[in-house]
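K.L.:
The structure is given below, and queries will be raised subsequently.
Bear in mind these aren't lab numbers, they're just calculated from the coordinates by the rules spelled out. This structure is a prediction, so every number in the text was calculated from the model and none was measured. Cβ: placed from backbone, ideal geometry, glycine included. Neighbour counts: every protein chain shown.
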Amino acid sequence: MLNIGDYVVRLSYNKDILFRITYISPNQIARLKGVSYRVIADAPISDLELSVGMRYTNEESSIMSTIEATVEKIMKKRAEIEKGKDPRFQKTGTVLHVDGDAFYLNLCLKYYKMLDIPAIGEHISESEQPKRIKYLLEKYAPDILVLTGHDALNKNYKTLYDISEYRNSQYFVESVKRARAIKPNMSELVIFAGACQSYFEEILAAGADFAASPDRVLIHALDPVFIVEKIAECPFYKVLPIEEALENTITQFNGLGGYEILGKCRRGGPVVTDKQKNEAKENREQEEHVTLDPAHMTKEDIERELARPLFKDTRDEFESKIKQYINKHPSL
């Protein structure tokens, strides 16, 4: 017997995706949530098989291995670019990731951290996102906004171009519209919105820069992260082509699309090392110890020099140094 919270696969789909049961209706229809893919589905209990001890299907395990390799490749490439150059610091802007799924949100935040991308996460259901977007933009003032969660196209849809055929696309569209009403300049705020099978064209028309899903396919939970990484690392003066933006994503052009944009990265310098800081401190300390030569100074010069603090010492240390100085200069 299957229960809410169980991990299952669908027999009619050749066990392609791992789901978790979130609800079972009285007539034994289960509401399913994808573990790796941002999809919600319904299926009869009779079509489900319990996945004992498995957290990924074979296909999903292969994808996760690819993701780990991609992260390693990104970090290695960054290190190679910086090799031999003078140290510089950079800021990539703040990412606000609003997600209808807490598990996916935490997963994305984990990978943002691995990729050194500053990100703030908010778990808000898709239907509530439009109501909260104004408050969130005012609170965090992000440079990059991600609006995602779960979505799905009706199984027996009549047309792809009717928003009522989609489970949550209307909320993504409305959230984007409200965000653009506050931040109309696309160079100021870059927006990704959508999830599995989302109404791609309508989300872009609402003002998003990137959206899911052109071919109405399932998108991976981490697809938004790899788009954001490209935006965050691209210099602010450089155009990021859509091909490059999607380079490291899992579903590529089938699941994601959008416009070319300007990046968000700004580099600066110099980076002051600990050694340089210590040397500067020593130089300042040396400058603070003034040697008085009364024979070549006016009365005003002597009074001015004696009026300013000579040492950054304790009282006892200061008095000790004064006594030593007087002993060396008995004429004073």
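K.L.:
Given charges of +1 on the Cβ of Lys and Arg and -1 on the Cβ of Asp and Glu, with all other atoms neutral, how large is the dipole of the range 7-50 about its Cα centre, in debye to the nearest 20?
P.N.:
Working: 6 positive and 4 negative charges, 38 e Å.
Roughly 180 debye for the range 7-50.
K.L.:
Give the relative contact order (percent, whole number) for the chain; include only Cα pairs under 8 Å separated by 6+ residues. Walk me through the numbers before you get to the answer.
P.N.:
On the way: 576 pairs, mean separation 44.1, N = 332.
It comes to 13 percent, rounded to a whole number.
K.L.:
Something else now. With angles folded into 0 to 90 degrees, how steeply does helix 223-233 sit against the dominant principal axis of the chain? Use alpha carbons for both and round to 10.
P.N.:
Once rounded, the angle reads 30 degrees.
K.L.:
Here's something else I'd like to know. If the elastic network links every pair of Cα atoms under 10 Å, which of Asn185, Asn248, Asn168 fluctuates the most in the Gaussian network model of the chain?
P.N.:
Per the Cα network of the chain with a 10 Å cutoff, Asn185 tops the list.
K.L.:
Mind checking which of Val9, Ile45, Phe19 is farthest towards the positive end of the range 7-50's charge dipole, using Cβ charges of +1 (Lys, Arg) and -1 (Asp, Glu) about the Cα centre?
P.N.:
Farthest towards the positive end: Phe19.
K.L.:
I want to verify a result. In a Gaussian network model of the chain, Cα cutoff 10 Å, which of these has the top mean-square fluctuation: Tyr171, Tyr199, Tyr157?
P.N.:
Looking only at Tyr171, Tyr199, Tyr157, the biggest GNM fluctuation is shown by Tyr157.
K.L.:
Also, quick follow-up: So what are the ³J(HN,Hα) numbers for the range 181-196, from phi and the Karplus equation (6.51, -1.76, 1.60; θ = phi - 60°), rounded to whole Hz, Gly and Pro as x?
P.N.:
Rounded to whole hertz, the list is 5, 8, 10, x, 7, 5, 6, 7, 9, 9, 10, 10, 8, x, 8, 5.
K.L.:
Does the range 7-50 come out rounded, prolate or oblate, given a ≥ b ≥ c as the square roots of the eigenvalues of its C-alpha gyration tensor, rounded meaning a/c under 1.5 and, failing that, prolate meaning a/b above b/c? Kindly include the intermediate steps, with their values, before the conclusion.
P.N.:
On the way: a/c = 2.05, a/b = 1.27, b/c = 1.61.
Oblate is the answer for the range 7-50, as a/c is 1.5 or above yet b/c matches or exceeds a/b.
K.L.:
Nearest-5 percent of antiparallel DSSP beta bridges in the range 87-268? Present the calculation step by step, with values, prior to reporting the outcome.
P.N.:
Numbers: 8 of 25 bridges.
So the antiparallel bridges amount to about 30 percent of the total.
K.L.:
Within 10 Å, count the other beta carbons around each residue, average over each peptide in 13-20, 212-219, and list them highest first. Write out the running numbers ahead of the final one.
P.N.:
Working: 13-20: 17.0, 212-219: 22.6.
Sorting 13-20, 212-219 by mean packing, highest first, produces 212-219, 13-20.
K.L.:
Classify the range 176-267: rounded, prolate or oblate, from the alpha-carbon gyration tensor (a ≥ b ≥ c, eigenvalue square roots; a/c under 1.5 rounded; otherwise prolate if a/b is larger than b/c)? Mind showing how you got there, number by number?
P.N.:
On the way: a/c = 2.11, a/b = 1.19, b/c = 1.77.
It is oblate, given that a/c is not under 1.5 and a/b is not larger than b/c.
K.L.:
Classify the range 36-192 as rounded, prolate or oblate from the Cα gyration tensor: take a ≥ b ≥ c as the square roots of its eigenvalues, call it rounded if a/c is under 1.5, otherwise prolate when a/b beats b/c and oblate if not. If you can, show how the numbers build up before the last one.
P.N.:
Details: a/c = 2.37, a/b = 1.20, b/c = 1.97.
Oblate.
K.L.:
Would you look at the GNM of the chain, springs on alpha carbons closer than 10 Å, and say which of Ala102, Ala43, Ala295 moves the most?
P.N.:
Ala295
K.L.:
Can you list residues whose amide H is under 5 Å from Leu262's amide H, if they're 5+ apart or on another chain and H is modeled 1.01 Å from N?
P.N.:
Hits under the 5 Å cutoff: Leu240.
K.L.:
Treating the Cα atoms of the chain as identical point scatterers in vacuum, please give the log10 of the normalised Debye intensity I(q)/I(0) at q = 0.06, 0.09, 0.10 Å⁻¹, two decimals.
P.N.:
Once normalised to I(0) and log-transformed, intensities are -0.36, -0.58, -0.66.
K.L.:
Which order do the peptides 231-243, 29-41, 60-72 take when ranked by the mean count of other beta-carbon atoms within 10 Å per residue, highest first?
P.N.:
Numbers: 231-243: 16.4, 29-41: 22.2, 60-72: 14.5.
Averaged packing, sorted descending, gives the order 29-41, 231-243, 60-72.
K.L.:
Can I ask one more? Please determine, in degrees from 0 to 90 and to the nearest 10, the orientation of helix 102-114 with respect to the longest principal axis defined by the Cα atoms of the chain, where the helix direction is its Cα long axis.
P.N.:
Here the helix axis deviates by roughly 40 degrees.
K.L.:
Another one. Hey, got the dipole for the chain? About the Cα centre, +1 on K and R Cβ, -1 on D and E Cβ, debye to the nearest 20?
P.N.:
Dipole size: approximately 260 debye.
K.L.:
Also: Counting alpha carbon pairs within less than 8 Å and at least 6 residues apart, what relative contact order, in whole percent, applies to the range 7-50?
P.N.:
Numbers: 80 pairs, mean separation 16.7, N = 44.
It rounds to 38 percent for the range 7-50.
K.L.:
By count of other Cβ within 10 Å, fewest leading, how are Phe200, Phe318 ordered? Walk me through the numbers on the way to the answer.
P.N.:
Working: Phe200 24, Phe318 14.
By the 10 Å Cβ count, ascending, the order reads Phe318, Phe200.
K.L.:
What is the mean projected area of the alpha carbon convex hull for the range 135-208, to one decimal in square nanometres? Numbers along the way, then the final one.
P.N.:
On the way: hull surface 18.8 nm².
Averaging across all directions leaves 4.7 nm² for the Cα convex hull.
K.L.:
Which one, Asn106, Ser65, Met75, is farthest towards the positive end of the dipole of the range 1-127 when Lys and Arg carry +1 and Asp and Glu -1 on their Cβ?
P.N.:
Of the options given, the answer is Met75.
K.L.:
Figure the gain on full extension for Ala205 and Ile302 (residue separation times 0.36 nm, minus the Cα-Cα span) and round it to one decimal in nm. Spell out each step's value before the answer.
P.N.:
On the way: separation 97, 0.36 × 97 = 34.92 nm, distance 7.56 nm.
Between Ala205 and Ile302, full extension yields 27.4 nm more.
K.L.:
Step through the table entries Lys73/Lys110; Lys110/Lys155; Lys91/Lys139, compare each Cα-Cα distance with 21 Å, and write down the pairs that go over it.
P.N.:
Working: Lys73/Lys110 17 Å; Lys110/Lys155 33 Å; Lys91/Lys139 19 Å.
Distance filter (> 21 Å) returns Lys110/Lys155.
K.L.:
What is the angle, in °, between the Cα long axis of helix 129-140 and the longest principal axis of the Cα atoms in the chain? Nearest 10 is fine, range 0 to 90.
P.N.:
10
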